[in-house]
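Read through the structure below, which is laid out as C-alpha cells, and then see the notes.
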Amino acid sequence: MTFENSLDFARQLDEKDSLKHFRDKFYIPIINGNECIYFTGNSLGLQPKTTQDYVLNELEDWASFGVEGHFHARQPWFSYHEMFPQLLTKIVGALPEEIVVMNQLTVNLHLLMASFYQPTKERFKIICEAKAFPSDQYALETQAKFHGLNPDEVIIEVAPRDGEHAIRTEDIIATIKQHGSQTALVIFGGVNYYSGQVFDMKTITKAAHQAGAYCGFDLAHAAGNIELHLHNWDVDFACWCSYKYLNSGPGGVAGAFINKKHTDNTALPRLAGWWGYEKATRFQMEKGFKPIATAEGWQLSNAPVLSMAAHKASLDIFEEAGIENLIAKGQQLSDYLFFIIEDLNAASSEKKIEIITPKESKGCQVSMLMLQKGKDVFDALKQNGVLADWREPNVIRVAPVPMYNSFEDVWKFGEIVKLILNHK
Ligand SMILES: *Cc1c(COP(=O)(O)O)cnc(C)c1O
C-alpha cells in the first residue's frame, strides 16, 4: 500500500479498519485532560472496561461461598485455569494440552529450564541473543551457577554484526553449528524487547534440534503480537507474560507451552507441586508425585483466580477480535509508523532518526535510535500527551497496538516529533 503523511489519509485508514470499535472497550489514560496516545502496550497493555466485572464476580463468589467457591463459584476455582488453553491455542499456535496458565514469566522460565536445561560434562552450553531482557539474562546466569557451572563458559550470546542492529538468522545458525554437540539449550525471545526484531523461530528450532539441543522461546513481546506456530515449528517449550500485548493487568498470571512430545514423559526432571498431580487422585494426597500428562503437569500451585479473572476478560476480547485480524492491523500500523518516520527524515537535510527495528521481521513495535535530541523528544512527547518508552542510551520504543491504537495516533505522533526536532 502507498501511504500518505496526512491527517485525512490516516483517518481514511481508520474508517476502513474493521477493528476500530475495539478501542472503545479499553480505558485510555488521560494526560492534561485528554486521552493520551498510548504507545506502551508492549510494556503494560491497557485495561479492558470489562475487567472490573470479571474480577468483581470472583470477589463476590468468595464473599458468598468462602472455601466452597472451589466447587460452587459460578466458575469453580478448582478448575478455573482449565478455561485458558482453548483461548490461547490460536494466539500461540499450540494444542490445548500443550498450554498452561500459571505463575509469572520469569518463574515459568526457571521451571521450564529445570526440565529442559540438564547440562552434562559434554553438553552444557546455552545459546541466546545478546541484550536479552535482563530478567532472562539473570535467569540463564543463575541456572548455570545453580548447576555448578561458570556462566561465562555456558552462555553464548549471538549479537548483531558491527554497524547492524538486528541479529542475522544465518549468524544464529552458524553459532549453533559451531558449538554443536556442546549445546544443551537454544533460547531466544520471540521478539527482542529492545530492537523489536522478530526471530525466525522455525529455523532456529530446526538448527537447535540438528545439534541435538532443546529449543525454547520467551514470548513476552510476541504473544498477542505476532503469528506463532509453536506446535508446528516443533518448539520444545515457551513462556510468556499476560500483561503486555495480552492486556491482563500488572504482574498478571503468565503462560507456558510444553510440546506434546514432552508432556507425558514422566522421566523429564521437573520441580513439582500438588496442582500438577493427576486430578483423579490428587486429593488422596498420597506420597509419590504423579504428573498430569499435559502441560498442566508443570503447575505447582492452585490457580490465582483474581489475576486469572482479569486474563479471561482480556482473552474474551481477543476471541472477538480474532488474532489474525489483530496481527494484520498491527503490521499495517507499524508499517505506517515506518513510513511517517522515513518521511520525517526525508524532509530534513540530515537523518534524525534511525529505525533499528528490521522492517521485514517486526511485530507492532518500532524502536527509534535518536540521532539528535533524543531525551528532549522523549520528554516533549510526554508533555504532548504521548506515552512512549525510553531506553538508554537513546532509543525510543513505540508500540502502536492494533487492539486500541489508530492510524490517527501514528500520524499525530509524527507531527509532534517533527515539531520538536524542528524547534530551534
Ligand atoms: C517483560 C519481560 C519479562 C518480565 O518478567 P516478569 O517475570 O513478568 O517480571 C521477562 N522477559 C522478557 C523477555 C520480557 O519482555
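Nothing in this text is a laboratory measurement; each read-out follows from the coordinates by a stated rule. All figures in this text were calculated on a predicted structure; none of them were measured in a lab. Cβ sites come from the backbone with ideal geometry, for glycine too, and all protein chains shown count toward neighbours.
Relative to the longest principal axis of the Cα atoms of the chain, the long axis of helix 169-179 lies at roughly 40 degrees. Classify region 40-145: rounded, prolate or oblate, from the alpha-carbon gyration tensor (a ≥ b ≥ c, eigenvalue square roots; a/c under 1.5 rounded; otherwise prolate if a/b is larger than b/c)? Since a/c reaches 1.5 and a/b is larger than b/c, the shape of region 40-145 is classed as prolate.
Database remark: amide H of Val386 closer than 5 angstrom to the amide H of Ile37 (H placed geometrically; neighbours at sequence offset of 5 or more, or on other chains; Pro and chain starts carry no H).
What FRET efficiency do you get for Glu286 and Thr266 if R0 is 22 Å and r is their Cβ-Cβ distance, rounded to the nearest 0.05? Walk me through the intermediate numbers first.
Working: r = 16 Å, r/R0 = 0.71.
For R0 = 22 Å, the calculated efficiency reads 0.90.
Gaussian network model of the chain, Cα springs within a sub-10 Å range: biggest mean-square fluctuation belongs to which of Ala313, Ala222, Ala73? It is Ala73.
Pick from Ser314, Ser361, Ser406: which is most flexible by mean-square fluctuation in a GNM of the chain where alpha carbon atoms under 10 Å apart are linked? Evaluated over the chain, the most mobile residue of the options is Ser361. Calculated translational diffusion coefficient of region 276-381 (4 °C, 1.567 mPa s; Stokes-Einstein with Kirkwood radius over alpha-carbon pairs) equals 69 µm²/s. Between Ser367, Ser334, Ser135, where does the largest GNM mean-square fluctuation fall for the chain, given springs only between Cα atoms within less than 10 Å? For the chain, modelled as a Gaussian network with Cα springs under 10 Å, the answer is Ser135.
Each residue of region 384-397 is assigned a 3J(HN,Hα), and the resulting list reads 8, x, 10, 9, 10, 10, 9, 10, 4, x, 7, 10, 10, 9 Hz, derived from the Karplus form 6.51 cos²θ - 1.76 cosθ + 1.60 (θ = phi - 60°), x at Gly and Pro. Report the paramagnetic label zone for Asp376: residues of region 388-424 whose backbone N is under 11 Å from a point 7 Å from Cα along the Cα-to-Cβ axis. From region 388-424, the list is 420-424.
Relative to the longest principal axis of the Cα atoms of the chain, the long axis of helix 305-321 makes an angle of roughly 50 degrees. Where does the charge balance sit around Gln182 when Lys and Arg score +1, Asp and Glu -1, over other residues with C-beta under 9 Å from its C-beta? So the environment of Gln182 carries a net charge of +1.
Ordered by the number of other Cβ atoms lying within 10 Å of each residue's own Cβ, fewest first, Thr294, Thr120 fall into the sequence Thr120, Thr294. So the label point goes 7 Å from the Cα of Asn232 along Cα→C-beta, right? Which residues of region 89-105 then have their backbone N under 18 Å from it? Under cut-off, by backbone N: 89-99. Relative to the longest principal axis of the Cα atoms of the chain, helix 323-346 runs at roughly 40 degrees.
Assuming a ≥ b ≥ c are the square roots of the Cα gyration tensor eigenvalues, decide whether the chain counts as rounded (a/c under 1.5), prolate (otherwise, with a/b larger than b/c) or oblate. Show your work: numbers first, answer last.
Values: a/c = 2.25, a/b = 1.28, b/c = 1.76.
Since a/c reaches 1.5 but b/c is at least a/b, the shape of the chain is classed as oblate.
Close amide H contacts of Lys125 (hydrogens built in the peptide plane, cut-off under 5 Å, sequence separation of 5 or more or a different chain): Thr183, Ala184, Leu185.
Applied to region 89-97, the Karplus parametrisation 6.51 cos²θ - 1.76 cosθ + 1.60 on θ = phi - 60° returns per-residue 3J(HN,Hα) values of 3, 6, 5, 10, x, 9, 6, x, 6 Hz, with x for Gly and Pro. A DSSP coil position with no more than 11 other Cβ atoms inside 10 Å describes the following GluC sites (Glu not before Pro) in region 299-390: Glu350, Glu360. Need one word for region 130-186: rounded, prolate or oblate. Basis is the Cα gyration tensor (sqrt eigenvalues a ≥ b ≥ c); a/c below 1.5 gives rounded, then a/b vs b/c decides. The shape class here is oblate. 3J(HN,Hα) couplings calculated from phi for region 290-304 with the Karplus curve 6.51 cos²θ - 1.76 cosθ + 1.60 (θ = phi - 60°) are, in sequence order, 10, x, 4, 8, 9, 4, 4, x, 9, 5, 9, 10, 5, 5, x Hz; Gly and Pro show x. In the chain, the calculated helix contribution to ellipticity at 222 nm averages -11500 deg cm²/dmol per residue, counting -39,500 (n - 2.57) for every DSSP H run with n ≥ 4.
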